[in-house]
Amino acid sequence: MVRNISIFDTTLRDGEQVPGAKLNMKEKLEVATQLKHLGVDFIEAGFPSSSTGDFQAVKEIATKVGNSEDVVITALARAVKSDIDAVYESIKYAKNPLIHIVLGTSDIHVEKKFGKSKDEILSKGVEAVKYAKTLLPDVQYSTEDASRSDFEYLWNTIEAVVKAGATIINIPDTVGFAEPEEFGHLIYRINQRLINLNDQVILSVHCHNDLGMATANTLAAIKNGADKVECTINGIGERAGNTSLEEVAMAIKTKPSIYKAETKIVTKEIMKTSKLVSNLMGIEVQPNKAITGENAFAHSSGIHQDGLLKSRDAYEIISPKDIGLDDMELVLTARSGRHAVKSALQRIGFGSLTDDQFTVIFDDFLEIADQKKEVYSHDLYTIVARHHKNLADQHCFYELVDLQVISNNQFPSASVKVKKGDQIFNQSSSGTGPVDALYTALMEISGLDISLHEYRITSISRGKEALGKVKLQVEFADELFTVQAADEDIMKASALAFMNAINMAIVKQLQEANIQQLG
């Protein structure tokens, strides 16, 4: 029998606790709306008692996102009346509201954090649930630091709050202390007792990633009876973060025979959601992160590229299209093999090269690849043009000569000098900011209508002379291109990246005009 696993997203509560990740009301609403499109079952919209702003944001989400039966809106409360009141008053506008109460059960929390006896804390939790039940029928109770709690006391707490009316019991591995076999066994024991106590109560887990095992612990819990899991987009959250929603969803989808479960997650919305959260919170996704990292579906090794071109399943267990990407990315570098280069040449219209012609071109490719971190389609076009003088428009690509960028509050502007073959072009433009002015000037020179979808800066070295990498996603003629460039001057890196985008767009024009002619 296939079980449905409910996904509880806490990006807007636990995820927002990351330093510097605070969102305003409009941004929170935008994320919540996208989470609904993603298909999550629960949205934890915030911690209403923490501030007036958070209360208003939760209320807005409850009203505008929680206006249908297909998503539960909840918010966090400590086991005190004022917190519970704040949650109720902010979420009561949703069609399906839920009060979420948290209280510690480990000796560390009971004795050191609260300075009370176990009986006092247990009674406090029971009274909190009883009060919450007078406001709403659905109440979740989280036994904070459950993985470090004495089992019998943990169970006594669960039994007491269920009898008081809790409809969901959540078992948190609050500090990421558990490991999968241990945590799975804990959930199994609780699940067996909970079924006998009240089989209508949902068993849930909330895992942190301090030892890098949040996703593994969550999946172990699913195998041992948990029907609901708490996650965040990109795995963000306190300290090392929470269980990554996309990792759990794709593990369940990829391994149905293991988990015998499914979720309601619309996986094609994963990348869109990941990028939205990353951009709004200003938190970069680790490049090699599973599922949503920029390298998750990028291949540069010649061995891997050759295998993928022969059969996708040689090195891909998930289709990029399943998570909302256009396709895998074969990155041409000095490690790329002949098969990958030949495939890239075919994509830009050079599919009829003889073996001798290709050998010469491949040797030139390796020479350029040793000088550049990444080789683009316009680089390949230029290589082919060296050996075929009758190739149309062989001097059609732009090269940056110089630039000047002025950044101020009144009139950000940029002046650029570029060349195309023997021609020199100069252009000055203003914009809403220095990058906008720079890209406007470059587009005016090229005459191309290129839409910028994503602009990202990262540092790839240390110190005052650190290299800054600019990565862009642009759209031209209904096709998305990803390009990048690096330089000590971040504005120069920005210009070089956009020049790569312009030149890739020109290659597309050449393809569509069918003007490549080899002699």
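The values are calculated or read from the model by the stated rules, or taken from the named source; none is laboratory data. Predicted model only: the values in this text are computed from it and were never measured. So basically every Cβ, Gly included, is an ideal-geometry build from the backbone, and we count neighbours across all protein chains shown. Calculation scope for accessible area: heavy atoms of the full protein, side chains included, ligands and nucleic acids excluded. Shrake-Rupley method; radii C 1.70, N 1.55, O 1.52, S 1.80 Å.
The condition of being buried (at least 24 other Cβ atoms within 10 Å of the Cβ), in a helix (DSSP H, G or I) and modelled with pLDDT of 95 or more holds for only one of N191, N196, N217, that being N217.
Among the residues of region 62-71, are any within 23 Å of the chain's Cα centre (by Cα) and under 22 Å from G282 (Cα atoms)? Checking region 62-71: not a single residue is within 23 Å of the chain's Cα centre (by Cα) and under 22 Å from G282 (Cα atoms). Listed conditions (1) touching a strand residue (DSSP E or B) at 6+ places or on another chain (Cβ under 8 Å); (2) within 23 Å of L203 (Cβ to Cβ) are all met by F47, apart from (2).
Just give me the residues in region 249-289 being in a loop (DSSP other than H, G, I, E, B) and among the small types (G, A, S), in sequence order.
G282
Quick grid of which residues meet (1) closer than 17 Å to M491 by Cα; (2) modelled with pLDDT of 75 or more:
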{"position": "G351", "(1), (2)": "no, no"}
{"position": "T354", "(1), (2)": "no, yes"}
{"position": "D402", "(1), (2)": "yes, yes"}
{"position": "K419", "(1), (2)": "no, yes"}
{"position": "Q427", "(1), (2)": "yes, yes"}
{"position": "T432", "(1), (2)": "yes, yes"}
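Any idea which of E479, E454, E488 is more than 20 Å from Q404 (Cα to Cα), charged (D, E, K, R), open to solvent by 70 Å² or more (accessible area, probe 1.4 Å) and modelled with pLDDT of 80 or more? Residue meeting the stated conditions: E479.
Restricting attention to region 183-214, the residues that are in contact (Cβ under 8 Å) with a residue 40 or more places away in the chain and under 20 Å from L35 (Cβ atoms) add up to 4.
Conditions (1) without any contact (Cβ under 8 Å) to a residue 40 or more places away in the chain; (2) among the small types (G, A, S), marked per residue:
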| residue | (1), (2) |
| --- | --- |
| M25 | yes, no |
| K28 | yes, no |
| A32 | yes, yes |
| K59 | yes, no |
| T63 | yes, no |
| I73 | yes, no |
| L76 | no, no |
| I84 | no, no |
| L98 | no, no |
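Please go through region 133-146 and pick out each residue that is out of contact with any helix residue (DSSP H, G or I) (no Cβ under 8 Å at 6 or more places or on another chain) and crowded, with 20+ Cβ neighbours inside 10 Å. Within region 133-146, Q140, S142 meet the criteria.
Residue-by-condition table, conditions (1) modelled with pLDDT of 75 or more; (2) open to solvent by 50 Å² or more (accessible area, probe 1.4 Å); (3) acidic (D, E):
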site	(1), (2), (3)
R312	no, yes, no
K321	yes, yes, no
A369	yes, no, no
H378	no, no, no
N390	no, yes, no
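Taking region 242-266 as the range and being surrounded by fewer than 23 Cβ atoms within 10 Å (Cβ to Cβ), touching a Ser or Thr at 6+ places or on another chain (Cβ under 9 Å) and free of Cβ contacts under 8 Å to residues at least 40 places away in the same chain as the test, only A251 passes.
Using the structure shown, decide if K113 is in contact with a Gly (Cβ under 8 Å, 6 or more places away or on another chain), on the phi < 0 side of the Ramachandran plot and among the charged types (D, E, K, R).
yes
From the list V40, V102, the one residue that fits, being within 30 Å of I258 (Cα to Cα), touching a strand residue (DSSP E or B) at 6+ places or on another chain (Cβ under 8 Å) and modelled with pLDDT of 95 or more, is V40.
The single condition among (1) open to solvent by 20 Å² or more (accessible area, probe 1.4 Å); (2) closer than 21 Å to D14 by Cα; (3) of a type outside the set (D, E, K, R) that A160 does not satisfy is (2). Which residues, taken from region 220-232, are open to solvent by 10 Å² or more (accessible area, probe 1.4 Å) and either among the aliphatic types (A, V, I, L, M) or not in a loop (DSSP other than H, G, I, E, B) (or both)? Hits for region 220-232 are A220, K223. Taking first residues from region 148-172 that are closer than 20 Å to L76 by Cβ and assigned to a helix (DSSP H, G or I) and partners that are among the aromatic types (F, W, Y) and modelled with pLDDT of 95 or more, the Cβ contacts under 7 Å between residues at least 6 apart in sequence or on separate chains come to V161/Y141.
State all residues of region 329-356 that are touching a residue at least 40 places away in the same chain (Cβ under 8 Å), on the phi < 0 side of the Ramachandran plot and open to solvent by less than 60 Å² (accessible area, probe 1.4 Å); if no residue qualifies, say none. The answer is E329, V331, L332, T333, I348, F350, L353. If we keep just the residues of region 7-26 that are over 16 Å from the mean Cα position of the chain (by Cα) and of a type in the set (D, E, K, R), which is farthest from V71 (Cα to Cα)? Out of the qualifying residues, it is K22.
Which one of K116, K130 is open to solvent by 60 Å² or more (accessible area, probe 1.4 Å) and either closer than 18 Å to N198 by Cα or within 38 Å of the chain's Cα centre (by Cα) (or both)?
On the way: K116 fails: either closer than 18 Å to N198 by Cα or within 38 Å of the chain's Cα centre (by Cα) (or both).
Just a single option satisfies the conditions, and that option is K130.
Summed over region 163-179, residues that are surrounded by fewer than 17 Cβ atoms within 10 Å (Cβ to Cβ) and either under 31 Å from the mean Cα position of the chain (by Cα) or aliphatic (A, V, I, L, M) (or both) total 1.
At least 3 residues being of a type in the set (D, E, K, R) is the threshold, and among the strands (runs of 3 or more DSSP E) wholly inside region 400-512 those reaching it are 413-420, 468-476.
Check E181, E238 and return the single one that is over 30 Å from P320 (Cβ atoms) and modelled with pLDDT under 95. Lay out the reasoning, then the answer.
Numbers: E181 fails: modelled with pLDDT under 95.
So the residue among E181, E238 that is over 30 Å from P320 (Cβ atoms) and modelled with pLDDT under 95 is E238.
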